[in-house]
Amino acid sequence: MGYIEKNLGKNEVVVKVAERNGLFLLWTWIKGILFCWLLLIPLIKAIIRTVQFTHVELALTNKRLVGKIGVLNTDAMDSPLNKIQNVAVTQTFGGKIFNYSLITVVTASGSYKFDAIKNGNAFKNMVTAQIDQYEEDRIKQQANEMAKSMAGVLNANK
């Protein structure tokens with residue numbers, strides 16, 4: 001989780017890190033081993049897919065959703081919770097058996113896909129709950145600032 005730890009802001013804590021399921025690679029490795037006699041291409045694809053698998057991070061903080069995909073060419077997502085428009089969970093037949101999902105996050109700046117996420121629906125529910133909490137905290141903070149301003153005006157008029 002190096003990328004996420006390095007990019008935390010002031011007063012920001014990680015609420016949930018999306019765990020990934022290695023069984024996602026099972027079919028890729030089966031094909032790679034069974035068909036390695038075909039110029040080693042399936043085996044090389046399995047190795048590449050495994051390296052890519054290990055270089056995906058997704059975490060929910062109390063202020064934003066942060067993620068990174070890629071080894072040489074990286075795609076980073078850093079979206080404040082109030083800019084997240086949708087979090088979709090897609091589960092294939094293999095995903096239902098081995099409990100992994102594809103999570104698609106749509107933000108104001110684009111769409112990001114994170115595959116092999118364990119308990120995808122639970123992660124989505126956690127994101128939704130954190131968005132609600134973020135909005136409540138923001139409204140409370142605005143109310144406190146307005147109350148302080150009004151108290152200052154009232155004290156100045158006395």
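The values are calculated or read from the model by the stated rules, or taken from the named source; none is laboratory data. Because the structure is a prediction, the values reported are computed rather than measured. Backbone-built Cβ (ideal geometry, glycine too); neighbour counts: all protein chains shown. In case anyone asks, the SASA skips ligands and DNA or RNA and just uses the protein heavy atoms, side chains included. Shrake-Rupley method; radii C 1.70, N 1.55, O 1.52, S 1.80 Å.
The calculated FRET efficiency for the pair residue 51 and residue 10, based on their C-beta separation and a Förster distance of 30 Å, comes to about 0.30.
Taken as entire DSSP H runs, the helices of the chain that both span 15 Å or more between Cα atoms along their own long axis and average 0.0 or more on the Kyte-Doolittle scale are 41-53. Label reach from residue 91 (point 7 Å along Cα→C-beta): in region 1-22, amide nitrogens under 20 Å belong to 17-22. Solvent-accessible area per residue in the chain equals 64 Å², computed with a 1.4 angstrom probe and all protein chains kept. Within the accessible surface of region 1-106, defined with a 1.4 Å probe on protein heavy atoms only, the carbon and sulfur portion equals 63 percent. When the convex hull of its Cα atoms is viewed from all sides, region 68-116 shows a mean projected area of 4.0 nm². Averaging 1/r across all pairs of distinct Cα atoms in the chain and inverting the result yields a Kirkwood radius of 18.0 Å.
Spacing of the modelled spin labels on residue 3 and residue 26, each 7 Å from Cα toward Cβ, amounts to 2.7 nm. Checked against a 29 Å cut-off, the cross-linked pairs 31/124; 45/96; 83/118 give Cα-Cα distances beyond that limit for 31/124.
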